[in-house]
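The values are calculated or read from the model by the stated rules, or taken from the named source; none is laboratory data. Only a predicted model underlies this, so the values are computations on that prediction, with no experimental measurement involved. Don't worry about glycine lacking a Cβ; one is built from the backbone with ideal geometry, like all the others, and counts go over all protein chains shown. Heavy atoms of the whole protein, side chains included, go into the accessibility calculation; ligands, DNA and RNA do not. Shrake-Rupley method; radii C 1.70, N 1.55, O 1.52, S 1.80 Å.
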Amino acid sequence: MALLTVIITIISLPAALFLWTAHALALNREKVKAIGLPYVVRWISPINPFWLLYGSSFVRLCTRLGIATENMQHIYSYGWEANERARIHLKHGDVFVLVHPGGISLSVANAETIYDILRRRTDFRRNMEEMAVLNVYGKNLSTTDDQEWQQHRKMTGVTFTEKNNEVVWIQSVKQATGMLEYWSQKEEQPIRSTHDDTKVFTLNVLAAALFNNVYHFEGFAEAKKENHKDDPSYQYRESLSTILSSIIQIFIFGEDGLKAWWTPVSWKDAANAMSTFRLYIHGLMDEERTLLRQGANVNQHLVARLVRACEDGRIADDGAPDELPEDAEKPGRNINLTEEEILSNLFVYAFAGNDTTSIALTNLLVHLAANPETQDWIAEEINHYLPHEVTERWSYNNFQKMKRCGAVIMESLRMCHPLSQLVKTTGSSSQILNVDGTQYKIPASTAVHCSLPALHSHPKYWGSTAMEWNPSRFISIDGTENVSSVNTFEEERLAADTSQHFMPFAWGQRVCPGKRFAQVELVAALVVFFKNYRVILEVNDGETEHQARKRAWNTSLKVDHEGHMLHEMVKPESIGLKWVKKV
Ligand code: HEM
């Protein structure tokens, strides 16, 4: 009898799940039909926690076994939008609806519609349900809205001044020099750790710019070998990188859940890393408080400013933040964040400022290795403005001059973006949305995904060469597009880094506060790398150089983010890079 009960329970559980799913899907499908936009059905909610963890592996397995449907291969992996780019929109329309058992979501690749959505910021708010994964230490700038968000943004934004960008430039030149030395010493051995080493690079730059901790660059493998366990200054780097690589597990199980007896060691390590990072930041805050009490506080980094602001109850009026939204109050105002909110914001800046930029840099280097003629193109510019040897004294003023470097960064972000979607929601009420002159009523609680990879590769905006590498599309001379031969470098103009169909750092109220930070960091790295060196691809056995370039390019376009939040190349280690000094 007991056995029969167990068997019935085992059979009825999946059956009940199936019936519930089918029912929920049918209800949502009715809602979608009423909208009138094209729609696509999927049977599993994109934010189902187990799907977040294992969904992409499941799709890969089904594909290998030959049992994955076409739909499954296109829209079931976590982060499918990044791989689909504009292709799926060419099939289903610039705006279509994805319906699943958990709700409905709108996929948008139409520039006017995205512009409208971003402009109507109270009609289409940030989708906090999808951003909750960033609440590792509680609410922060990224996971709040309205007045609460303004408070977080004002407080943290004050660090992002031109003064700070200069620190970013100096540190980036220093770290990139260290990284190039490390790579070039490997001589004939191809570098397959670019994606790991660039993470060390961005962690070090951020530590210097936000926390005033200056590190000597070590390759990822060397940093692991060295025993830094007892060195508190390395705890930030170690713990943060562990947290970032386990962010989905942290979201699903929480710090305490990760410590349960049944969890794997890596999850327990993630819980320990959370506590180490917390202790580390509290330690920094205590240090700043002590300095403040002694009247000796001169630090300008983020931790110092947040602590000082909290102690004073005000933010000093000593530098205009470069990316505060238009409607924000000017500095010099009352603030009120708790210690936990400071911790949470420091975490979110570390999250938003590290992997985004390291992924962008890895993509950039692979794109340049696959397109050697672009290396010559930027080297001409670098040598024109910086004819002398690489030095840490290169002035920050040079950043603005490097237009070709800026164009290369823009083209690489256009093809491969680390974030992919700007996630909004209609919230508690329905909203009317205009798509190509027709009005659609979008129901309440609809997730709205403005797809950057689709927008950035749509032939409607980028023409027939949308999927081709061509950084010079962002350079013009006095308004003339697609310049290939130039008169003088000074005459070249770099296109705006934001337009209606190009917004790698978002746009409007929620524009990335680290935009200039990231641009400065990436340009500095390019200048150091390509002044005297070239990067070449390791050619596999039986492959021609041309085929190796094609393989690298195609690899860069395949994205995965199972288990983590950002879009990274699926197998970056399959691309070997060699750094060769120019003669
Ligand atoms: C190539 C590098 C980067 C890219 C492509 C990038 C892109 C973006 C985008 C598209 C958003 C808007 C997200 C949304 O609305 O859902 C964003 C937000 C944000 N970024 Fe960046 N970012 C980069 C680097 C950085 C850096 C270096 C920092 C800080 C040091 C930073 C800090 C932030 C923060 C804190 C937010 C949230 C802002 C808010 O919600 O008000 N980012 N970034």
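Computed values, structure above
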{"read-out": "Average Cα contact separation per residue, the stretch 85-236, under 8 Å, 6 or more apart, as relative contact order %", "value": "13"}
{"read-out": "Selection of GluC sites (Glu not before Pro), the stretch 373-462, meeting DSSP coil and at most 13 other Cβ within 10 Å", "value": "Glu389, Glu392"}
{"read-out": "Label-point separation in nm, Asp145 to Ser184, each point 7 Å along Cα→Cβ", "value": "5.2"}
{"read-out": "Residue-by-residue Karplus 3J(HN,Hα) for the stretch 399-406, coefficients 6.51, -1.76, 1.60, Hz, glycine and proline x", "value": "3, 4, 6, 7, 6, 5, 4, x"}
{"read-out": "Probe 1.4 Å - accessible area at His74, Å² to nearest ten", "value": "50"}
{"read-out": "Accessible carbon and sulfur surface of the stretch 1-129 relative to its total accessible area, %, 1.4 Å", "value": "66"}
{"read-out": "Partners for Lys91 among lysines (Cα-Cα distance below 21 Å; same-chain residues under 8 apart left out)", "value": "Lys33, Lys460, Lys558"}
{"read-out": "Placed amide H near Tyr533: partners under 5 Å, 5+ positions off or other chain", "value": "Lys582"}
{"read-out": "Net lengthening on full extension, Ala15/Lys582 (0.36 nm per residue, minus Cα-Cα)", "value": "197.5 nm"}
{"read-out": "The chain, dipole about Cα centre (Lys/Arg Cβ +1, Asp/Glu Cβ -1), debye to the nearest 20", "value": "1160"}
{"read-out": "Lys/Arg +1, Asp/Glu -1 at C-beta; the chain dipole; positive extreme among Cys310, Thr357, Phe505", "value": "Phe505"}
{"read-out": "The stretch 1-129 - convex hull of the alpha-carbon atoms, volume per residue in Å³", "value": "146"}
{"read-out": "Reachable lysines, given that their alpha-carbon falls under 27 Å from the alpha-carbon of Lys154 and they are not under 8 places away in the same chain", "value": "Lys139, Lys163, Lys330, Lys424, Lys515"}
{"read-out": "Spin-label model distance (nm) - Lys163 vs Ser395, 7 Å beyond Cα toward Cβ", "value": "2.0"}
{"read-out": "Farthest toward positive dipole pole in the stretch 1-144 [+1 Lys/Arg, -1 Asp/Glu at C-beta], among Ala109, Ser45, Ser142", "value": "Ser142"}
{"read-out": "Per residue solvent-accessible surface (Å²) - the chain, probe of 1.4 Å", "value": "44"}
{"read-out": "Whole-angstrom Cα spans of the chain along principal axes, big to small", "value": "80, 61, 51"}
{"read-out": "Mean Cα-pair separation over length for the chain, i.e. relative contact order, pairs under 8 Å, 6 or more apart, %", "value": "22"}
{"read-out": "Under 27 Å from Lys582, Cα to Cα: lysines that are on another chain or at least 8 residues apart", "value": "Lys174, Lys186, Lys199, Lys401, Lys403, Lys531, Lys550"}
{"read-out": "Long-range HN-HN contacts of Glu538 with modeled amide H, under 5 Å", "value": "Gly576, Leu577, Lys578"}
{"read-out": "Around His367: net Lys/Arg minus Asp/Glu count, Cβ-Cβ under 15 Å", "value": "+3"}
{"read-out": "Spacing of the two label points (7 Å from each Cα toward its C-beta) at Ile432 and Arg119, in nm", "value": "1.5"}
{"read-out": "Backbone HN-Hα couplings from phi across the stretch 26-33 [Karplus 6.51/-1.76/1.60, Hz, Gly and Pro as x]", "value": "4, 4, 5, 5, 4, 4, 5, 4"}
{"read-out": "Using θ = phi - 60° and Karplus 6.51 cos²θ - 1.76 cosθ + 1.60, couplings along the stretch 66-78 (whole Hz; Gly, Pro as x)", "value": "x, 10, 7, 6, 4, 4, 4, 5, 8, 10, 9, 5, 5"}
{"read-out": "Percentage of interatomic Cα-Cα distances in the stretch 352-392 larger than 14 Å", "value": "62"}
